[in-house]
1. Among the residues of region 70-86, write down those that are in contact with a Ser or Thr (Cβ under 9 Å, 6 or more places away or on another chain) and either open to solvent by 20 Å² or more (accessible area, probe 1.4 Å) or over 23 Å from Thr114 (Cα atoms) (or both).
2. Is region 56-63 home to any residue that is open to solvent by 20 Å² or more (accessible area, probe 1.4 Å), modelled with pLDDT under 90 and farther than 12 Å from Leu119 by Cβ?
3. How many residues does region 87-130 contain that are under 17 Å from Arg62 (Cβ atoms), more than 12 Å from the chain's Cα centre (by Cα) and loosely packed, with under 15 Cβ neighbours inside 10 Å?
4. Only one of Leu73, Leu3, Leu9 is touching a Lys or Arg at 6+ places or on another chain (Cβ under 8 Å), modelled with pLDDT under 90 and not basic (Lys, Arg); which?
5. For region 26-57, what are the residues that are of a type in the set (D, E, K, R) and not in a loop (DSSP other than H, G, I, E, B)?
Amino acid sequence: MKLTTIALLLMFFTGCASRQPARTALVAPPAANDWTTEYIGQGSVKTTITNAAASALFLKVRSGEATAAQAELGLNASRDLNLAPGPYVTEMKITHGSKENFYRGPGFVIPSNTARMNLRLQVARHTNLVPISRKEFER
């Protein structure tokens with residue numbers, strides 16, 4: 001599989017379901033250059049991220065310049081993150097052997113009536129990832 005064949009798919013589940021705020025300790029997001037610490041976020045929308053691509057990766061979900069959540073995803077792994085309604089951008093580090101590649105994924109918006117969301121990285125004919133520099137990934 002080539003790196004250019006990964007795409008991010010979004011699925012939203014909306015409705016009138018009551019949402020409970022995430023019950024996590026108030027922890028500051030990790031530094032921009034930290035891709036070893038998982039941070040599940042503080043929002044009320046349970047967001048499941050699934051890596052169905054052929055490579056392990058480290059995913060950052062950003063709201064503006066701030067890291068809203070980040071997780072390391074092995075092959076066929078999933079993580080639950082807590083995001084608030086609003087706009088986001090995804091960035092990821094994909095490692096092949098000793099080579100690291102950095103990408104910006106598509107932006108997305110979580111509507112205010114969203115109760116649950118799924119993000120899935122999978123093989124696709126055309127990529128929606130944009131190569132970025134390590135410096136941009138770490139800002």
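1. If the condition is that a residue be in contact with a Ser or Thr (Cβ under 9 Å, 6 or more places away or on another chain) and either open to solvent by 20 Å² or more (accessible area, probe 1.4 Å) or over 23 Å from Thr114 (Cα atoms) (or both), then Glu72, Leu73, Leu75, Asn76, Ala77, Ser78, Arg79, Asp80, Asn82, Ala84, Pro85 are the ones that fit.
2. For region 56-63, residues open to solvent by 20 Å² or more (accessible area, probe 1.4 Å), modelled with pLDDT under 90 and farther than 12 Å from Leu119 by Cβ: present.
3. Qualifying residue count for the region: 4.
4. The match here is Leu9.
5. Lys46
The values are calculated or read from the model by the stated rules, or taken from the named source; none is laboratory data. Being a predicted model, the structure only gives us computed values, none of them experimental. Neighbour counts are summed over all protein chains in view; Cβ atoms, including those assigned to glycine, are modelled from backbone coordinates with ideal geometry. Areas reflect the complete protein model, heavy atoms only, side chains present, ligands, DNA and RNA absent. Shrake-Rupley method; radii C 1.70, N 1.55, O 1.52, S 1.80 Å.
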